[in-house]
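Heads up: the structure comes next, in structure tokens.
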Amino acid sequence: MQRFSSTPRGARLARRLVLHQLDAWGVPHGSEASDTAAQIVAELAADAVTHGRVRGRDFEVTAEIRNRTLRISVSDARREPRPPLPGAPRPPTPPLAENGRGMLVVEALVDRWDVLDRMPVGKTVVAELDLPR
């Protein structure tokens with residue numbers, strides 16, 4: 001687990017450090033799994049910075065591999081707003097809107113994801129990606 005400042009710079013650093021750790025675990029930079037993980041971390045960290053920011057509080061990122069499954073968890077300090085759960089209906093996003101599609105991107109990339117309560121405060125979005133053999 002690593003904490004990052006709730007800023008765009010913190011989000012970029014989170015993505016870079018996760019990719020560095022994946023490379024150390026044998027998921028090489030530039031591989032499909034690494035590129036997919038980069039997009040997942042980028043979207044979840046951007047959401048934490050944009051929607052989960054609490055002044056003076058950081059967000060946390062955890063990445064782990066278990067049984068060929070990459071599990072990325074991003075926690076922020078706000079319990080609300082929560083993204084719609086997987087498969088739940090979403091409010092329409094205007095065609096030219098610059099935001100509102102982050103979790104759609106995550107849902108398209110991952111094999112599973114969920115939103116969990118974080119104790120004592122906040123929420124954690126967990127995304128799992130099955131890695132190739």
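The values are calculated or read from the model by the stated rules, or taken from the named source; none is laboratory data. All of these numbers come straight from a predicted model, not from anything done at the bench. Ideal geometry is used to build each Cβ from the backbone, glycine not excepted, and the neighbour counts take in all protein chains shown. These area figures cover heavy atoms from the full protein model, side chains too; ligands, DNA and RNA do not enter into them. Shrake-Rupley method; radii C 1.70, N 1.55, O 1.52, S 1.80 Å.
So how exposed is I65, as accessible area in Å² (1.4 Å probe, rounded to 10)?
Rounded to the nearest 10, the figure is 60 Å².
Can you put L19, L70 in order of accessible area, largest first, using a 1.4 Å probe? Display every interim value, and only then the final one.
Values: L19 20, L70 0 Å².
Order by accessible area, largest first: L19, L70.
Along the positive direction of the dipole of the chain (beta-carbon charges: Lys, Arg +1; Asp, Glu -1; about the Cα centre), which of W113, S6, A48 reaches farthest?
Projecting each Cα onto the dipole axis, the largest value belongs to S6.
Semi-axes of the chain's equivalent ellipsoid from the Cα gyration tensor, sqrt of 5 times each eigenvalue, largest first, rounded to whole Å? It would help to have the intermediate numbers written out before the result.
Details: eigenvalues 99, 64, 41 Å².
So the three semi-axes of the chain are 22, 18, 14 Å.
Starting from the Cα gyration tensor of the stretch 93-133, take the square roots of the eigenvalues, sort them a ≥ b ≥ c, and report rounded, prolate or oblate (rounded when a/c is under 1.5, otherwise prolate if a/b is larger than b/c, else oblate).
Working: a/c = 4.01, a/b = 1.14, b/c = 3.52.
It comes out oblate by the Cα gyration axes.
Tell me the relative contact order for the chain as a rounded percent, counting alpha carbon contacts under 8 Å between residues six or more apart. Present the calculation step by step, with values, prior to reporting the outcome.
On the way: 222 pairs, mean separation 33.5, N = 133.
Normalised by residue count, the contact order of the chain is 25 percent.
Among E32, E80, what's the order by accessible area (1.4 angstrom probe), most exposed first?
Working: E32 150, E80 110 Å².
Greatest to least solvent exposure: E32, E80.
Counting only other residues whose beta carbon sits under 15 Å from that of L19, what net charge do I get with K and R as +1, D and E as -1? Present the calculation step by step, with values, prior to reporting the outcome.
On the way: positive: R12, R15, R16; negative: D23, E32, D35, E43, E64.
Net local charge, L19 excluded: -2.
For a quick check of understanding: with a 1.4 angstrom probe and all protein chains in place, what accessible area in square angstrom does H20 have, to the nearest ten?
Solvent-accessible area, nearest 10 Å²: 120 Å².
What helices does the chain have that are whole DSSP H segments, at least 15 Å long along their own axis by Cα, and with mean Kyte-Doolittle hydropathy of -1.0 or more?
Details: long enough: 8-24 (25 Å, -0.32); 32-51 (28 Å, 0.32).
Taking the DSSP H segments of the chain (at least 15 Å long, mean hydropathy at least -1.0), we get 8-24, 32-51.
Could you identify which residue out of A88, A108, A24 has the top mean-square fluctuation in a GNM of the chain using Cα springs shorter than 10 Å?
Of the options given, A88 has the highest mean-square fluctuation.
Using a Gaussian network model on the chain with a 10 Å cutoff between Cα atoms, which of G30, G102, G122 fluctuates the most?
With Cα springs under 10 Å in the chain, the top fluctuation among G30, G102, G122 is at G30.
Quick check on the stretch 55-125: take the gyration tensor over C-alpha atoms, sort the square-rooted eigenvalues as a ≥ b ≥ c, and tell me if it's rounded (a/c under 1.5), prolate or oblate. Don't jump to the answer; show the numbers that get you there.
Working: a/c = 1.95, a/b = 1.19, b/c = 1.64.
Oblate shape, in that a/c is at least 1.5 and b/c is the bigger or equal ratio.
What's the extension gain from I65 to S34 if we count 0.36 nm per residue and subtract their Cα-Cα distance?
In short, 9.9 nm is gained.
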